[in-house]
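Worksheet: the structure to be examined is printed underneath.
The values are calculated or read from the model by the stated rules, or taken from the named source; none is laboratory data. As the structure is a computational prediction, the values presented were derived from the model and not from experiment. Every residue, glycine among them, receives a Cβ derived from its backbone with ideal geometry; neighbour counts consider all protein chains shown. The area values use the complete protein model at the heavy-atom level, side chains included, leaving out ligands, DNA and RNA. Shrake-Rupley method; radii C 1.70, N 1.55, O 1.52, S 1.80 Å.
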Amino acid sequence: MTDKFLRCQDVQEVTGLSRSTIYRMMSRDDFPQATKLGIRAIGWRQSAVHSWIEGRTSGGMQ
């Protein structure tokens with residue numbers, strides 16, 4: 001299986017979180033870290049974002 005990179009807009013749509021919330025949660029290690037894709041581009045591994053969502057929906061949220 002090939003793992004895609006999701007850009008910020010895609011992550012916002014999938015999670016329902018705002019850009020600032022995503023970055024705040026990343027700084028607290030509560031959200032998967034982004035990977036640098038280029039000089040001005042970052043992305044999140046689709047599998048990491050979906051795993052995070054599964055952890056939140058399966059009772060892993062406190």
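In the chain, the calculated helix contribution to ellipticity at 222 nm averages -12500 deg cm²/dmol per residue, counting -39,500 (n - 2.57) for every DSSP H run with n ≥ 4. Counted over the chain with a bin width of 5 Å, the fraction of Cα pairs per bin, in whole percents, is 4, 18, 27, 30, 14, 5, 1, 0. For the chain, a simple Cβ point-charge model (Lys and Arg +1, Asp and Glu -1, everything else neutral) yields a dipole of about 260 debye relative to the Cα centre.
Rolling a 1.4 Å probe across the protein heavy atoms gives the chain an accessible surface of 73 Å² per residue. The amide H of ILE42, built 1.01 Å from its N in the peptide plane, has LEU37 as neighbours under 5 Å, considering only residues 5 or more places off or on other chains. Protein heavy-atom surface of the chain, 1.4 angstrom probe: 49% of the accessible area is carbon and sulfur, with nucleic acids and ligands not counted.
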